[in-house]
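Trainee: Attaching a single structure in structure tokens format; questions to follow.
What follows draws every value from the coordinates through simple rules; no lab data is involved. Fair warning: this is a prediction, and the values are worked out from it, not measured in the lab. In this analysis, Cβ positions are derived from the backbone assuming ideal geometry, glycine residues included, and neighbour counts consider all displayed protein chains.
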Amino acid sequence: MLENLTKKDLKPLVVPYITGQMRDDWLDIIYQMANAKADAIEVGLPFSDPMIDGPTIQESSKKAIENGATTDSILDGLASLDIDCPIYIMTYYNLIVRVGIDRFVERVVSSKVKGLIVPDLPLEEIDELNTATRSAGVSQVLLVAPSTPDLRMASIAKRSAGFLYTMGLMGVTGERSSLPQSALETARRAKKVAPGDLPVLVGIGVSLPEQAREITKYCDGVVVGSAIVRRILNGSKIDEIGEFIQSFKS
Amino acid sequence: MLENLTKKDLKPLVVPYITGQMRDDWLDIIYQMANAKADAIEVGLPFSDPMIDGPTIQESSKKAIENGATTDSILDGLASLDIDCPIYIMTYYNLIVRVGIDRFVERVVSSKVKGLIVPDLPLEEIDELNTATRSAGVSQVLLVAPSTPDLRMASIAKRSAGFLYTMGLMGVTGERSSLPQSALETARRAKKVAPGDLPVLVGIGVSLPEQAREITKYCDGVVVGSAIVRRILNGSKIDEIGEFIQSFKS
Amino acid sequence: MDEPDSTGRFGTFGGRFVPEPLMQALMDLEVNFRKFWSDPEFKGEYYDILKNFGGRPTPVTFLKNMSNDLGVNLYLKREDLAHTGSHKINNVIGQALLAKRMGKSNLIAETGAGQHGVATATAAALLGLKATVYMGAVDVKRQGLNVFRMELLGAKVVPVESGSKTLKDAVNEAMRAWVKEVDDTHYCLGSVMGPHPYPWIVREFQRILGSEARSQIYEILGGKYPNYVVACVGGGSNAAGTFSGFVDTDAELVGVEASGGAALTYGTVGVVHGMKSYILQDEVGQILEASSISAGLDYPGVGPEHSFLKENKRVRYETATDSEVLSAFKILSSSEGIIPALESAHGLAWIIKASRTGEISQGSNVLLTLSGRGDKDVAEVKEMVDRGTVI
Amino acid sequence: MDEPDSTGRFGTFGGRFVPEPLMQALMDLEVNFRKFWSDPEFKGEYYDILKNFGGRPTPVTFLKNMSNDLGVNLYLKREDLAHTGSHKINNVIGQALLAKRMGKSNLIAETGAGQHGVATATAAALLGLKATVYMGAVDVKRQGLNVFRMELLGAKVVPVESGSKTLKDAVNEAMRAWVKEVDDTHYCLGSVMGPHPYPWIVREFQRILGSEARSQIYEILGGKYPNYVVACVGGGSNAAGTFSGFVDTDAELVGVEASGGAALTYGTVGVVHGMKSYILQDEVGQILEASSISAGLDYPGVGPEHSFLKENKRVRYETATDSEVLSAFKILSSSEGIIPALESAHGLAWIIKASRTGEISQGSNVLLTLSGRGDKDVAEVKEMVDRGTVI
Ligand SMILES: Cc1ncc(COP(=O)(O)O)c(C=O)c1O
Ligand SMILES: Cc1ncc(COP(=O)(O)O)c(C=O)c1O
């Protein structure tokens, strides 16, 4: 029941990110992302205090909240989608706790969301949520970082479902002009300890197709966040966004 | 040799005050004071830190210093006068110490000044100066205040020469609209302890002829300071000042 | 007050809700703290600095005039007399020493009122570390004196422009900064909050406050403990330190929050800044902005141990409004010659109210921790008075 | 250091050069001081307040970083940690208690930096007296924080617009005010200056500083006294208190004046503010305006006992310039985490200079009285730095 992300071809996996309701046409953007052959889409629930996000995603969260975004409104929007590209929700833990874990997971399931990424929930704190997601068939994606030692990385990978979210660097979300050494190294280490069927995706700091090509020598794909969010914030047209995502696939 | 002030008629003694060099025509004002039948004239050497002076005399001191007044320039001016009204110098002790006690007293004598009033020199501190003034025949006028007990007042009076300067109230120089009870009381007490030939004059707060008339029921005369200095500061004409002094004699 | 359990929890509160890149640092910190806190040499150095540099022990002062007026016996534990002017120095000296033993060369810190920032800058100067202090842009403005002080002490002050631009955002920004520099940088957290092991570490470093107060007041009262022990609660560090000295006595313990930042009184359970605790949040889970005249209590969360102490009813939590606080601020200044920090004035405000209503019965002995001095606040209070905002 | 002679003189310095209306009050004060200062109950109350309210004893802190840099062992007596932030509290508690015993209900005081004014306002609040503080209009402006503090403490602050509008004029104005209200008012003079018995009284009330320092440093140095004992000199009270503890040791005693207000170094003998002492005056005897960045040293006179100690060569007096002082201010802040009052930074500035030139030989033990904390000064220093007035 907990399916991992799988490759449709020989190309690396590409998972674009968008903050829910950050622009009025956010659902159209998601359609376009699916059309652009995204392998999955990460949708953020905006939180007032996003500890691991840089200025770009912080701003998108602020916009979304000003647009009236709530957990409910975003999940309702996602429920209305008709695409076969899996959706992963990214959210800070408080938004889950506030609704109640079981109710939250129910809502997620009824919105046809595939999985959850909760960046402020390290291995030691996942149990309560994990019990609920497992029994509901929701994939809980865990994160590893350059600072994570091998043994711990293996334990995290073992508990991760959907894919393994590998932070490319020690830092917050945001664009970087070049890929740090730590990203390659961490990707390599993550790939080594991850179970064979669990794709390893690198996120945080992957902003350009060249960077994606370089890193996917060591892993299975990338999550592209701030680079896309900046374009959406700057008013890029929907098909420009689609083209940008496609450029990662070529 | 140390003559006390004596009454020329039945009228009370009137001693007007002026700060030396406070106006360019200060020597003319002194002539006018003498003409107006002042019994003596108190001339202040301006000091930067006049502890017992109120705002009016402070301002005259400031003006005088700005006009270039120094101990020498004022004494030179006084030396040039040709009047038979005795002059008493009022000064703070530092101006004396700075010149040197003996030199200062010499200068005073050569300027035909009759006596000295040094308000920050209480009984306990007069000896050094007093040795010099006595041998030079300069009258050293001492002060008593409402707070001075009878015995102490008697000791002070015994050492005072020229007259006994009786502070009418506990306060600094300046005009008051009415005579305080303390002035009458202190005048009465001073008169009682003063040697018979030492005139008792009340100063500080005597600003109007009526006040002078009232107080001189108990003593021999008055010193009029701020009320005159204010007129000089305000630009009163010389004869107006003369008339004001005369009004105390009528 | 005990050690948290192996998951860093006091009852159900606490934990370590942080991104993975910080986990290693938190685990290292816990290991090192455990090691050094039981090392007599480390403890000796810590106590020595607090004594010879920090001015400890601080006295307990009997307030004769106010006691007369209120009919209760009021005592102050004088953290305003500690070096830098508040209890914050106790914690930072401990953490800076720990950081040094751990081989870190930089400190980062968040600050609200600026007292923790000043204390951190001070400890950094003393121990030869570099300090960077994150401070909400709103607080930078209202606590200008403390900004200058930090800069003179050689620290870099970074104004935080995100969110409500106050303490909570400074914490977020400090955490973000820490993620990037976790290798050579220690995050010197300023209160008993944040992820495990911070609530525990900070309480232990503030324990000195409570231990001193305990033996001082016991002697003053001739072998008794006070009926009430009161402290203000922002994150909760001065209160935690204070209560640690009295939790096993039968003193009634009272924590006083700013009514505009009263997580324990008006909040609900949630997760923010790495901890599970009471927080002020809206119905969907967005954290609310606190709003109080005192920058140091302008915080929508509270340390997890306080949530635990509230639930198990060992401590009772009350609130004081801005105007009650200003009035207490002025009363203490003009009737005892002690200008309190606005934060500390919250505790006093409650005592005044409760004494007047008779809730604190006449003749009771009441100990208040005066967590800091009010010099940092006088310009602001003066302005409010001049503007006529307050009487 | 001994009692002055029966005319209130230390050698040829001192005396009582005041208008007659003040003589009775000065004589009463002398009689009462003599009586109460030998009364164990009075002394007990004085020590008790300084301990439990004032935070005494203040520690002696070894400055590790600066000692390393300078090659001398530098110790600070920490009056910055006393309540209200300077040594001034020692004196005002004594005088306010004395005033109360004498049945006076009001205090008046002059203030320069504002520290003595704050201390007086504090003592007045504590003891239920009314306080009026005279402060030069220039100082009101540059020490705004302290003006607020005094007002919050319930004192009335009167800006003095006469003369140079600084400390010397505040003294004149306070004296004038005292003449008017001498019956129910005690003039709480802030330094070892003015007419007898003030220089003696204030030194005695500051003696506690020197006695503490003496026994503390003796213990720290393992049974030795320091080679140098240094203090800044405005009126000279912190220096007098300090030196009283070491005058019978073979420590070299050094008083450091502001170069723009160095009565002992650049002045001549004269009479001002009721005392005979060294003063800055012009050739005809007008008192000059002092000019220093530190309001508390911006004074053209000096206490008479210092004139005596200069003449009998027991103490040597040096000066420090504004820029040396600012540099010392910044060095102590950023290398030790202690922000000094600009006044106290004068002593440090001389130590730094003398250590660098080798005048203080390497390895010497040097004790400096840190007379107060610099919070009152940071805004002004910051402004100077921002304006580029200083580097
Ligand atoms: C003087 C003072 N008291 C109290 C506080 C609140 O912190 P805590 O609740 O951690 O003691 C602060 C915070 O800045 C403070 O400066
Ligand atoms: C901190 C401090 N130190 C020194 C002084 C100078 O006074 P004194 O020379 O009497 O110690 C002052 C005066 O205001 C002061 O505030």
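Trainee: If the label for residue D:359 sits 7 angstrom from Cα along the Cα-to-Cβ line, what are its distances to the same label in every other copy, in nm to one decimal, shortest first?
Mentor: With the label placed 7 Å along Cα→Cβ, residue D:359 yields 6.3 nm.
Trainee: Which order results if D:78, A:188, A:152, C:149 are arranged by neighbouring Cβ count within 10 Å, fewest first? Mind showing how you got there, number by number?
Mentor: Values: D:78 25, A:188 15, A:152 19, C:149 28.
Least to most surrounded, the residues fall as A:188, A:152, D:78, C:149.
Trainee: If you don't mind, there's one more thing I want to ask. Would you look at the GNM of chain D, springs on alpha carbons closer than 10 Å, and say which of D:361, D:86, D:294 moves the most?
Mentor: D:361
Trainee: Could you pull out the GluC sites (Glu not before Pro) across the range D:145-188 that fall in loop regions by DSSP (anything but H, G, I, E, B) with no more than 13 other Cβ atoms inside 10 Å? Walk me through the numbers on the way to the answer.
Mentor: On the way: sites: D:151, D:161, D:173, D:181; in loops: D:161.
Passing both the DSSP loop test and the Cβ count: D:161.
Trainee: How charged is the neighbourhood of residue C:271? Take every other residue with its Cβ under 14 Å from the Cβ of residue C:271, and add Lys/Arg as +1 and Asp/Glu as -1.
Mentor: Result for the neighbourhood of residue C:271: 0.
Trainee: Please compute the net charge surrounding residue B:233, taking Lys and Arg as +1 and Asp and Glu as -1 over other residues with Cβ under 15 Å from its Cβ.
Mentor: -1
Trainee: On the Cα set of the range C:139-210, report Rg and Dmax in Å, please.
Mentor: For the range C:139-210, the Cα radius of gyration and maximum Cα-Cα distance read 13.8, 36 Å.
Trainee: Now a separate question. If you plug each phi of the range B:144-155 into the Karplus form 6.51 cos²θ - 1.76 cosθ + 1.60 with θ = phi - 60°, what whole-Hz ³J(HN,Hα) values come out, in order, with x for Gly and Pro?
Mentor: Taking θ as phi minus 60°, the curve returns 10, 9, x, 7, 6, x, 3, 4, 5, 4, 5, 4 Hz for the range B:144-155.
Trainee: Using the Cα centre of the range C:66-155 as origin and beta-carbon charges of +1 (Lys, Arg) and -1 (Asp, Glu), tell me which of C:114, C:70, C:96 is placed farthest towards the positive end of the dipole.
Mentor: Of the candidates, C:96 comes out farthest on the positive side.
Trainee: Sum up the charges of everything whose Cβ sits under 9 Å from the Cβ of residue B:46, counting Lys and Arg as +1 and Asp and Glu as -1, but leave residue B:46 out. Don't skip to the end; give the middle numbers.
Mentor: Details: positive: B:62, B:63; negative: none.
Net of charged neighbours comes to +2.
Trainee: Quick one: which residues, 5+ away or cross-chain, put their amide H under 5 Å from the amide H of residue D:317? H built at 1.01 Å from N.
Mentor: D:255
Trainee: Run the reach check for residue A:37 against lysines, Cα to Cα strictly under 18 Å, same-chain hits fewer than 8 apart removed. What comes back?
Mentor: The qualifying lysines are A:7, A:8, A:11, A:114, A:237, A:249.
Trainee: By how many degrees, 0 to 90 and rounded to 10, does the Cα axis of helix D:20-37 deviate from the longest principal axis of chain D?
Mentor: 60 degrees
Trainee: A further question follows. Based only on other Cβ atoms within 10 Å, what is the fewest-to-most ordering of D:368, A:179, D:22, B:151? Walk me through the numbers on the way to the answer.
Mentor: Details: D:368 28, A:179 21, D:22 25, B:151 9.
Arranged by neighbour count, lowest to highest, D:368, A:179, D:22, B:151 become B:151, A:179, D:22, D:368.
Trainee: If you find the alpha carbon centre of the range B:123-143 and of the range C:274-346, how far apart are they in angstrom?
Mentor: 71 Å
Trainee: With θ set to phi - 60° and the Karplus curve 6.51 cos²θ - 1.76 cosθ + 1.60, what are the ³J(HN,Hα) couplings of the range D:83-96 in order, to the nearest whole Hz, using x for Gly and Pro?
Mentor: So the J values, rounded to whole Hz, are 4, 6, x, 7, 5, 4, 4, 4, 6, 5, 4, x, 5, 5.
Trainee: In addition: Against the 2.2 N^0.38 Å scaling, with N counting residues, where does the range C:67-152 land? I'd like the Cα-based Rg ratio to two decimal places. Can you show the working numbers first?
Mentor: On the way: Rg = 15.6 Å, N = 86, 2.2 N^0.38 = 12.0 Å.
With N residues counted in the range C:67-152, Rg over 2.2 N^0.38 Å equals 1.31.
Trainee: Let me understand the range C:270-340 better: what is its radius of gyration from the alpha carbons, and its Dmax, in angstrom?
Mentor: Over the range C:270-340's Cα set, Rg and Dmax evaluate to 15.4, 47 Å.
Trainee: Now a separate question. Which order results if B:85, D:188 are arranged by neighbouring Cβ count within 10 Å, fewest first? If you can, show how the numbers build up before the last one.
Mentor: Working: B:85 19, D:188 30.
Arranged by neighbour count, lowest to highest, B:85, D:188 become B:85, D:188.
Trainee: Could you work out the per residue convex hull volume over the alpha carbons of the range D:1-157, in cubic angstrom?
Mentor: Convex hull of Cα atoms, per residue: 179 Å³.
Trainee: Would you mind getting the Kirkwood hydrodynamic radius of the range B:13-249 from its Cα pairs, rounded to one decimal in Å? Don't skip to the end; give the middle numbers.
Mentor: Values: mean 1/r = 0.0572 Å⁻¹.
Result for the range B:13-249, one decimal place: 17.5 Å.
Trainee: Quick one: divide the alpha-carbon radius of gyration of chain D by 2.2 N^0.38 Å and tell me what you get. Walk me through the numbers on the way to the answer.
Mentor: Numbers: Rg = 19.2 Å, N = 391, 2.2 N^0.38 = 21.3 Å.
Here the Cα radius of gyration is 0.90 times the empirical estimate.
Trainee: Taking residue B:217 as the anchor, which aspartates and glutamates have their alpha carbon closer than 14 Å to its alpha carbon, excluding any fewer than eight residues away along the same chain?
Mentor: The reachable aspartates and glutamates, counting only those whose Cα sits under 14 Å from residue B:217, are B:185.
Trainee: How many angstrom separate the Cα center of the range B:184-222 from the Cα center of the range D:244-270?
Mentor: About 47 Å separates the Cα centre of the range B:184-222 from the one of the range D:244-270.
Trainee: Just B:168, B:100, B:44 to compare: in a GNM of chain B, with alpha carbon springs under 10 Å, which one fluctuates most?
Mentor: B:100
Trainee: Taking Cα atoms, how many degrees apart are the long axis of helix D:342-356 and the longest axis of chain D, rounded to 10 and kept between 0 and 90?
Mentor: It is inclined by approximately 30 degrees.
Trainee: Let me ask something additional. In the structure displayed, which of D:104/D:130; C:168/D:382; C:130/C:180; D:330/D:376; D:77/D:313; B:158/B:191 lie more than 18 Å apart, Cα to Cα? Please list the in-between numbers first.
Mentor: On the way: D:104/D:130 10 Å; C:168/D:382 28 Å; C:130/C:180 16 Å; D:330/D:376 15 Å; D:77/D:313 24 Å; B:158/B:191 12 Å.
Checking Cα-Cα distances, C:168/D:382; D:77/D:313 exceed 18 Å.
Trainee: Something else now. If you take the alpha carbon radius of gyration of the range A:9-88 and divide it by 2.2 N^0.38 Å, what ratio comes out, to two decimals? Provide the component values of the computation, followed by the final result.
Mentor: Values: Rg = 12.8 Å, N = 80, 2.2 N^0.38 = 11.6 Å.
That ratio works out to 1.10.
Trainee: About its Cα centre, how strong a charge dipole does the range A:101-250 have in debye, to the nearest 20, once Lys and Arg get +1 and Asp and Glu get -1 at the Cβ?
Mentor: Numbers: 19 positive and 17 negative charges, 57 e Å.
It works out to roughly 280 debye.
Trainee: So if I average 1/r over every pair of distinct C-alpha atoms in the range A:1-146 and take the inverse, what Kirkwood radius in Å does that give?
Mentor: Values: mean 1/r = 0.0643 Å⁻¹.
Result for the range A:1-146 stands at 15.5 Å.
Trainee: Could you work out [θ]222 nm for the protein assembly as shown from helices alone, using -39500 (n - 2.57) per DSSP H run of at least four and dividing by all its residues? Round to the nearest 500 deg cm²/dmol. Show your work: numbers first, answer last.
Mentor: Values: 52 runs with 575 residues, N = 1282.
Result for the protein assembly as shown, helices only: -13500 deg cm²/dmol.
Trainee: Can you tell me the equivalent ellipsoid semi-axes for the range C:343-384? Use √(5λ) from the Cα gyration tensor, largest first, whole Å. If you can, show how the numbers build up before the last one.
Mentor: Details: eigenvalues 133, 30, 7 Å².
That gives 26, 12, 6 Å for the three semi-axes.
Trainee: If the protein assembly as shown were replaced by its equivalent ellipsoid, with semi-axes equal to the square roots of 5 times the Cα gyration tensor eigenvalues, what would those be, largest first, whole Å? List each step's numbers first, then the result.
Mentor: Values: eigenvalues 1140, 172, 154 Å².
Value: 76, 29, 28 Å, ordered largest first.
Trainee: Let me ask something additional. Separation of the range C:80-152 and the range B:42-61 by C-alpha centroid, Å?
Mentor: Centre-to-centre distance over Cα atoms comes out at 53 Å.
Trainee: Let me ask something additional. When the Karplus curve 6.51 cos²θ - 1.76 cosθ + 1.60 is applied with θ = phi - 60°, which whole-Hz ³J(HN,Hα) does each residue of the range A:82-96 get, with x for Gly and Pro?
Mentor: So the Karplus estimates, Gly and Pro as x, are 10, 9, 9, 7, x, 10, 10, 8, 9, 8, 7, 5, 4, 5, 7 Hz.
Trainee: With unit charges on the beta carbons (Lys and Arg positive, Asp and Glu negative) and the dipole taken about the Cα centre of the range B:13-249, which residue among B:146, B:15, B:38 sits farthest to the positive side?
Mentor: Final value for the positive-end residue is B:146.
Trainee: From Cα pairs below 8 angstrom and at least 6 apart in sequence, can you work out the relative contact order of chain B, rounded to a whole percent?
Mentor: Working: 498 pairs, mean separation 60.4, N = 250.
With pairs under 8 Å counted, the relative contact order is 24 percent.
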